[in-house]
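See below for the structure under consideration.
The values are calculated or read from the model by the stated rules, or taken from the named source; none is laboratory data. Bear in mind the structure is a predicted one, so any value in this text is a computation, not a measurement. Quick reminder, even Gly has a Cβ in these numbers, built from the backbone with ideal geometry, and neighbours come from all protein chains shown. To get the accessible areas, we keep the full protein, side chains included, count just its heavy atoms, and leave off ligands, DNA and RNA. Shrake-Rupley method; radii C 1.70, N 1.55, O 1.52, S 1.80 Å.
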Amino acid sequence: MKALFDYLIFPGFLFSAVIGLLAGWVDRKVTARLQWRVGPPWYQNFMDIIKLFCKETIVPEGAKLTFLFSPFFGLLSLALVATILGRSIIAPAYGFIGDLIVVLYLLMIPAIALIIGASSSKNPLASVGASREMKLVLAYELPFILSIIVVIIKSQGVIRLGGIVEHQMAFGSNIASISGVIAFLVALICVQAKLGFVPFDASESEQEIMGGVLIEYSGLPLAIFKLTKAIMLYTAPLLLMTLFLGKDLSPVFAVAKYIGILVVIILIKNTNPRLRIDQSVRFFWRFPAVLSLVAVVLALFGK
Amino acid sequence: MNIKKTALTKSIWVFHISAGSCNNCDIEILDCLTPRFDLERFGIQLIGSARHADALLITGAMNRKSVPRMKKVYEQVPKPCVVVAVGTCACSQHMFRDSYNMIGPLDEILPVDLYIPGCPPKPEAMISGIVKLVTKIRKSK
Ligand code: SF4
């Protein structure tokens, strides 16, 4: 019963969806202010989701069954990530060994759901988007995992999120060292790609491939994808916060750190043009991958 | 006023079809999204795929080439959706009414909910039209 409450309401699905939609509003508002506009009211993203629930759902001719199922896979796994992360922030002693690895796997599933959904929709533009998304996953996963290995090395090989938080509480944040700073920057850029934000949004570009992976989705499944994105906007910065800035996670500091990371992500989004997919793959394998390797070596030497 | 109608009128995603316009109407539509008018305040967004659309903005004179394609796009839009005829060309064919290539004004082809005349209509005219349409939808039923 407790587990179900954790999963569905707090800190799982409902809570993370609400925070994620509000974070999406922060994103839109900051973007608007940077472009000297006024921007939407705070409830705009909720309205979008409710409206999508009210609309007709069209299944294109020849689409496979996975077209309707895959959005739910992404949402369910991401809600689980939100639950595990939230629990290990509230009560670091709670949790099981290896939940960090589970979280890493589950964080990958929304991208895979997007790929499966897009490629079962029988739309050529969607399959272009899916192939771009796949290449992007291949590009950013390696540096992301390497930078998390830095965290594991720094906390003496603990692979439990609560354990990492406890270690940081005792010995200071992981970011307070050279390797920590490098790993944090790399992970931040990878999160940018995970969220599908500019400059790494080639798979969803509105202008050239008309929404790419999402092109055939309407109504309910589109709403589910939007919700997944919103929860991603909540969980991904939260993961960065727990892994790198976990010294003091009392509510006020946690909210401040979360908003700080969010604003940095939004600023990166607004000050960069979109990269072509080959440029982003090359970028990820040249700079973040090499930098994170350097960070791993530095961490092994205790720097 | 129920929540469904509120949501439908507070978050309008717009898909824009040019059925053979001179491109001036299209530029004026984009003007609505610039900092001066900023329609995102009301949740109005330009989107890339017809499957996400709530409103179709149709500009230009309906000709034999574009009408079959436009009908196809209209069938792809999830209902409920509204159709807006932007510009005198779409409303009444304008100066092309005697042309051999014209099929007719937009409302003989698709059910039109809102007419915005003008060549091209000002962004203010479009915003006032949208406000009228939204009030009408909210009052209905
Ligand atoms: S109404 Fe005027 S501005 Fe608009 S498409 Fe027709 S000719 Fe061009």
Inspect all residues belonging to region B:116-128 and state whether any of them is within 22 Å of B:L33 (Cβ to Cβ), more than 12 Å from the chain's Cα centre (by Cα) and among the basic types (K, R).
yes
Within region B:55-75, the residues that are within 14 Å of the ligand (Cβ to nearest atom) and surrounded by fewer than 18 Cβ atoms within 10 Å (Cβ to Cβ) are B:N63
Filtering region A:26-71 down to residues that are under 22 Å from A:A236 (Cβ atoms) and more than 11 Å from every other protein chain (Cβ to nearest Cβ) yields A:V26, A:D27, A:V30, A:W42, A:S70, A:P71
Are there any helices (runs of 4 or more DSSP H) wholly within region A:176-291 with 3 or more residues that are buried (at least 23 other Cβ atoms within 10 Å of the Cβ), on the phi < 0 side of the Ramachandran plot and more than 14 Å from chain B (Cβ to nearest Cβ), and if so which?
A:178-194, A:219-244
Closer than 10 Å to A:S292 by Cα and buried (at least 21 other Cβ atoms within 10 Å of the Cβ), is that true of A:I148?
yes
Would you check if there is a residue in region B:94-104 being over 30 Å from A:G24 (Cβ atoms), of a type in the set (K, R) and either within 14 Å of the chain's Cα centre (by Cα) or within 16 Å of the ligand (Cβ to nearest atom) (or both)?
yes
Among A:L298, A:L293, A:L262, which is touching a helix residue (DSSP H, G or I) at 6+ places or on another chain (Cβ under 8 Å), in contact (Cβ under 8 Å) with a residue 60 or more places away in the chain and under 16 Å from A:V191 (Cα atoms)?
A:L262
Regarding region B:1-16, can at least one residue be identified that is within 13 Å of the ligand (Cβ to nearest atom), open to solvent by 20 Å² or more (accessible area, probe 1.4 Å) and within 13 Å of the chain's Cα centre (by Cα)?
yes
Please indicate, with yes or no, whether at least one residue in region B:26-38 is closer than 20 Å to A:G219 by Cα, in contact (Cβ under 8 Å) with a residue 60 or more places away in the chain and touching a Lys or Arg at 6+ places or on another chain (Cβ under 9 Å).
no
Pairs where the first residue, in region A:5-29, is over 13 Å from A:K229 (Cα atoms) and the second is part of a helix (DSSP H, G or I) and of a type in the set (D, E, K, R), C-beta under 8 Å, 6+ apart:
A:D6/A:R87; A:P11/A:R87; A:G12/A:D6; A:R28/B:E40
Taking the residues in region B:119-139 that are within 16 Å of the ligand (Cβ to nearest atom) and not small (G, A, S) as candidates, determine which candidate is most open to solvent (accessible area, probe 1.4 Å).
B:K122
With the first residue restricted to region B:82-98 and required to be within 14 Å of chain A (Cβ to nearest Cβ) and on the phi < 0 side of the Ramachandran plot, and the second required to be more than 12 Å from the ligand (Cβ to nearest atom) and outside any strand (DSSP E or B), Cβ contacts under 9 Å at 6 or more apart or on different chains are B:V82/B:I12; B:V82/B:D54; B:V82/B:V112; B:V82/B:D113; B:V82/B:L133; B:V82/B:I137
How many residues does region A:117-129 contain that are open to solvent by less than 40 Å² (accessible area, probe 1.4 Å) and in a helix (DSSP H, G or I)?
4
Among the candidates B:V112, B:V86, single out the residue that is open to solvent by less than 70 Å² (accessible area, probe 1.4 Å), within 14 Å of the ligand (Cβ to nearest atom) and not acidic (D, E).
B:V86
Matching residues, region B:17-39, being open to solvent by 60 Å² or more (accessible area, probe 1.4 Å), within 9 Å of the ligand (Cβ to nearest atom) and on the phi < 0 side of the Ramachandran plot
B:S18, B:C22, B:N24, B:I27
Given the structure, is B:H52 more than 14 Å from the ligand (Cβ to nearest atom) and not hydrophobic (A, V, I, L, M, F, W, C)?
yes
Can you find a residue in region A:124-140 that is touching a Leu at 6+ places or on another chain (Cβ under 6 Å), at negative phi and at pLDDT below 85?
no
